[in-house]
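Enquirer: One structure, pasted below without further comment.
The values are calculated or read from the model by the stated rules, or taken from the named source; none is laboratory data. Note that the structure is predicted; figures quoted are calculated from it, not measured. Cβ atoms come from the backbone with ideal geometry, glycine included; neighbour counts cover every protein chain shown. Note: areas computed on protein heavy atoms with side chains; ligands, DNA, RNA excluded. Shrake-Rupley method; radii C 1.70, N 1.55, O 1.52, S 1.80 Å.
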Amino acid sequence: MYVCGITPYDATHLGHAFTYVTFDLIHRLWLDGGHAVSYVQNVTDIDDPLLERAVATGQDWRELAARETALFRDDMAALRVLPPTTYLGAVESMDLVVDAIRVLQERGATYLVDDDLYFSLGADERFGSVARLGLDAMRELSAQRGGDPDRLGKAHPLDPLLWQAARPDEPAWDTALGHGRPGWHVECTAIALRHLGMIFDVQGGGRDLVYPHHEMCASLAHVVSEEYPFARHFVHAGMVGLDGEKMSKSRGNLVFVSQLRQEVPPAAIRLALLAHHYRDDWEWTPRDLDNARARLSAWTTAVHADTAPPAGPLLAEVRSALADDLDAPSALAAIDRWAEQTRRG
Ligand code: 5CA
Ligand code: ZN
């Protein structure tokens, strides 16, 4: 499984946490089923938003990334999210990324606009197979999510940037591709191909990654490997909102895990997240936390009771709920019933 990691320019919010708890559940379900799991995750530790935040706040971009990545890992540990088996930054994977781009060049799937290198989507006949969107929708989402559909000189508006020539005052690496830095999508393709290969089980992330990110990752991988598919399944968590809008670092409407866990037990935060089905979009409200705290307290009382109904049937119910499209809310409801029976003696 490959799950897209954070861009570490700000602290982890509840939207991120919902996504990573979702994939933690898949991870745990597989482990529970006796499978060995290779779980790879990246950190986008070089990208425009990180550099912009570093400049705006007068910090070194490396320090900002290292600090926020460490905080993310602490937050995940507090939420009992099992760490990936392989956790890699884009910077430390620079050689892999450059190698992947060189293969694309050899296949004739790249071109230059000024000194910036682009991927030619025309090289992948399967392009569009992940998100299955129309051209207009893809164009709009590209513009919103880091793409540059209106840049003059591109062969196709949706073609993604692979390698950006060094800009003044920006970090750059001296590589076989010249002095510059990689674009976003190719980072995940290169890391996944090296550490999982083609045709792995799940590529995951939040729903905002369906297009362009996962579509582009797959297209790049098809052309690099000349195989299909990249991932057998693409799994996306719904978007968590606050006050009517998607919770996002750029909008600033955030509830941070690191702040919240100073005030409430992390187990209550995890329960508040698991109370929503992974595919639903939902709004965070104070009620989510009230309900989770009440549930945590009822369960805690139940597990300390002298006698309780046998756990075997409950475990079977939990497993079957999770096996049914990861129905965490039903799994929680089964445990609620068990706790209630226990309370009644
Ligand atoms: N570094 C890239 C992926 S390679 C990235 O998207 N980073 S991120 O920090 O912006 O997001 C990290 C993860 O959290 C992604 O899977 C994203 O889809 C998910 N995410 C971001 N905002 C929300 C939200 N409001 N609700 C649910 N998931 C979210
Ligand atoms: Zn990614």
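Enquirer: Give the accessible surface of the chain per residue, rounded to a whole number of Å², with probe radius 1.4 Å and ligands, DNA and RNA excluded.
Expert: It amounts to 47 Å² per residue over the chain.
Enquirer: Give me the net charge of residue 342's neighbourhood, meaning all other residues with Cβ under 14 Å from the Cβ of residue 342; Lys, Arg count +1, Asp, Glu -1.
Expert: +1
Enquirer: Taking the Cα centre of the stretch 26-149 as the origin and placing charges on Cβ (Lys, Arg +1; Asp, Glu -1), which of 44, 144, 87 is farthest toward the positive end of the dipole?
Expert: Looking along the dipole axis, the top candidate is 87.
Enquirer: Which residue, 183, 205, 122, has the most motion in a Gaussian network model of the chain that connects Cα atoms within less than 10 Å?
Expert: 122
Enquirer: With both bridge residues required to lie in the stretch 1-127, what share of the DSSP beta bridges run antiparallel, to the nearest 5%?
Expert: 40
Enquirer: Be a star and scan the stretch 1-43 for residues whose amide nitrogen sits under 20 Å from the point 7 Å along the Cα-to-Cβ vector of residue 280.
Expert: From the stretch 1-43, the list is 14-26.
Enquirer: Add -39500 (n - 2.57) for each DSSP H run of 4 or more in the chain, then divide by its residues: what number comes out at 222 nm, to the nearest 500 deg cm²/dmol?
Expert: -14000 deg cm²/dmol
Enquirer: May I ask you to rank 127, 200 by accessible area, largest first, using a 1.4 Å probe over the protein chains only?
Expert: 127, 200
Enquirer: For the chain, what proportion of DSSP beta bridges, expressed in % and rounded to the nearest 5, is antiparallel?
Expert: Looking only at bridges with both residues in the chain, the antiparallel portion is about 50 percent.
Enquirer: Top mean-square fluctuation among 59, 105, 203, Gaussian network model of the chain, C-alpha springs under 10 Å?
Expert: 59
Enquirer: Right, another one. Taking every DSSP beta bridge with both residues inside the stretch 102-260, roughly what % is antiparallel (nearest 5)?
Expert: 70
Enquirer: With springs connecting C-alpha atoms under 10 Å apart, model the chain as a Gaussian network and identify which of 120, 320, 258 has the largest mean-square fluctuation.
Expert: Looking only at 120, 320, 258, the biggest GNM fluctuation is shown by 320.
Enquirer: I've got another one for you. Taking Cα pairs under 8 Å and at least six residues apart, what relative contact order does the chain come out at, in percent?
Expert: 19
Enquirer: If r is the Cβ-Cβ distance from residue 29 to residue 166 and R0 is 41 Å, what FRET efficiency results, to the nearest 0.05?
Expert: 0.35
Enquirer: Quick one: dipole size for the chain, taken about the Cα centre, charges +1 on Lys/Arg Cβ and -1 on Asp/Glu Cβ, in debye to the nearest 20.
Expert: 1020
Enquirer: I've got another one for you. For the stretch 89-137, give the percent of accessible area contributed by carbon and sulfur heavy atoms, probe 1.4 Å, rounded to a whole number.
Expert: 40
Enquirer: Related question: Looking at the stretch 145-293 from every direction and averaging, what is the projected area of its Cα convex hull in nm²?
Expert: 12.4
Enquirer: What distance in nm separates the simple spin-label points at residue 336 and residue 320, each placed 7 Å from Cα in the Cβ direction?
Expert: Reported label-point gap for residue 336 and residue 320 is 1.9 nm.
Enquirer: As an exercise, use a Förster radius of 41 Å and the Cβ-Cβ distance of residue 291 and residue 87 to find the FRET efficiency, rounded to the nearest 0.05.
Expert: The formula returns an efficiency of 0.80 here.
Enquirer: Another one. Tell me the net charge near residue 53. Cut-off is 10 Å between Cβ atoms, residue 53 excluded, with +1 for each Lys or Arg and -1 for each Asp or Glu.
Expert: With Lys, Arg at +1 and Asp, Glu at -1, the neighbours total -3.
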